[in-house]
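Following: one structure in structure tokens, then a few remarks.
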Amino acid sequence: MNSNSEFSFPEKFGNKERKVFLEGEAFIEVEKDSLRPFRVVAQGLTTTALGTSFNIREKGEKGIRISLVTGKVKIKNVSTSEDIYLNPGEELYRDPVTGEKNIRKFNTQTIASWKDGTILFEKSNLLEVVAILENWYGVKIAVQNPENASWEFSGEYHKQSLENVLKSMGYVQNFEYDLDGKNVTIKL
């Protein structure tokens, strides 16, 4: 489970299914049990694992992404009973405003880098970088002069301190920062 995530499940699974509920992000590897399918409920979508490993990123107002690494999953929309199947390397993204669903390819090596202690940025804008760093390190980041930021940032940090990440990013993106406990100010 990634930081700031909640995973709830019954004390004991029933005889017909193994059902859990997710808010946030989790990488899940499932043991096959044809008599009791494994189901994850997030944002009104139920993902049924068919002996597999997958990542679910449920981010409230930012939508939901279900990314299949191995095996196969069936995704059911609780309100419409629509079924969607994913193959390895495919992910479903559902827009939180329009409800529109899009299936696309993704890089299976990067989808769950967080579980190995790696922060990965791929052409991320300032808002995406701030959100990832706030979630990862449990800090609050204020940005001075955000209108001056028109950059895309790519980089990989494996088990690095927040200070090391900010120092490296600041050098590349030409910004200064102040780090005061759980509060960070980025000066553009």
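The values are calculated or read from the model by the stated rules, or taken from the named source; none is laboratory data. It should be emphasised that the depicted structure is a prediction, and the values quoted were computed from it without experimental measurement. We place every Cβ from the backbone using ideal geometry, glycine too, and count neighbours over all the protein chains shown. In case anyone asks, the SASA skips ligands and DNA or RNA and just uses the protein heavy atoms, side chains included. Shrake-Rupley method; radii C 1.70, N 1.55, O 1.52, S 1.80 Å.
Just one residue in the set V143, V184, V172 is more than 27 Å from P88 (Cα to Cα), modelled with pLDDT of 90 or more and assigned to a helix (DSSP H, G or I); that residue is V172.
The residue that is modelled with the lowest pLDDT, among those in the stretch 22-40 that are hydrophobic (A, V, I, L, M, F, W, C) and crowded, with 17+ Cβ neighbours inside 10 Å, is V30.
What residue, of L133, L127, is open to solvent by 70 Å² or more (accessible area, probe 1.4 Å) and closer than 30 Å to E163 by Cβ?
L127
Selection within the stretch 1-15: residues that are in contact (Cβ under 8 Å) with a residue 24 or more places away in the chain and open to solvent by less than 90 Å² (accessible area, probe 1.4 Å). The member of this set that is farthest from the chain's Cα centre (by Cα) is S3. For the stretch 168-188, a residue qualifies if it is among the polar types (S, T, N, Q), over 24 Å from W114 (Cβ atoms) and surrounded by 11 or more Cβ atoms within 10 Å (Cβ to Cβ), and exactly one does: T185.
Could you tell me how many of the residues in the stretch 10-20 are in a strand (DSSP E or B) and among the basic types (K, R)?
Here is the first cut: in the stretch 10-20, the residues in a strand (DSSP E or B) are 18-20.
Going one step further and asking which of them are among the basic types (K, R), we end up with 18-19.
Qualifying residue count, the stretch 10-20: 2.
Note on the stretch 100-121: residues that are under 21 Å from I64 (Cβ atoms), at pLDDT 85 or above and assigned to a loop (DSSP other than H, G, I, E, B) total 2. When V139 is tested against (1) under 18 Å from G24 (Cα atoms); (2) loosely packed, with under 12 Cβ neighbours inside 10 Å, only condition (2) is not met. Here R18, R65 are screened, and the one residue that is farther than 21 Å from P96 by Cα, open to solvent by 20 Å² or more (accessible area, probe 1.4 Å) and in contact with a strand residue (DSSP E or B) (Cβ under 6 Å, 6 or more places away or on another chain) is R18. Exactly one residue out of G89, G99 is on the phi > 0 side of the Ramachandran plot and under 16 Å from the mean Cα position of the chain (by Cα): that is G89. Note on the stretch 146-167: residues that are in contact (Cβ under 8 Å) with a residue 24 or more places away in the chain, part of a loop (DSSP other than H, G, I, E, B) and open to solvent by less than 70 Å² (accessible area, probe 1.4 Å) amount to 2.
Considering only the stretch 160-178, I want to know if a residue exists there that is farther than 30 Å from G71 by Cα, hydroxyl-bearing (S, T, Y) and in contact with a Ser or Thr (Cβ under 7 Å, 6 or more places away or on another chain). It would help to see each step written out before you state the result.
First, the residues of the stretch 160-178 that are farther than 30 Å from G71 by Cα: 160-178.
Next, only the ones that are hydroxyl-bearing (S, T, Y) stay: 161, 168, 171, 177.
From what's left, in contact with a Ser or Thr (Cβ under 7 Å, 6 or more places away or on another chain): 177.
Looking for residues that are farther than 30 Å from G71 by Cα, hydroxyl-bearing (S, T, Y) and in contact with a Ser or Thr (Cβ under 7 Å, 6 or more places away or on another chain), one finds at least one in the stretch 160-178, hence yes.
Residues are listed down the side, and each one gets a yes or a no for (1) part of a loop (DSSP other than H, G, I, E, B); (2) of a type in the set (A, V, I, L, M, F, W, C); (3) in contact (Cβ under 8 Å) with a residue 24 or more places away in the chain; (4) touching a Leu at 6+ places or on another chain (Cβ under 6 Å):
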| site | (1), (2), (3), (4) |
| --- | --- |
| L22 | no, yes, yes, no |
| E25 | no, no, yes, no |
| D33 | yes, no, no, no |
| T46 | no, no, yes, no |
| G51 | yes, no, no, no |
| R57 | no, no, yes, no |
| E61 | no, no, yes, no |
| K76 | no, no, yes, no |
| K123 | no, no, yes, no |
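Would you call T70 open to solvent by less than 40 Å² (accessible area, probe 1.4 Å) and without any contact (Cβ under 8 Å) to a residue 40 or more places away in the chain? It is false that T70 is open to solvent by less than 40 Å² (accessible area, probe 1.4 Å) and without any contact (Cβ under 8 Å) to a residue 40 or more places away in the chain.
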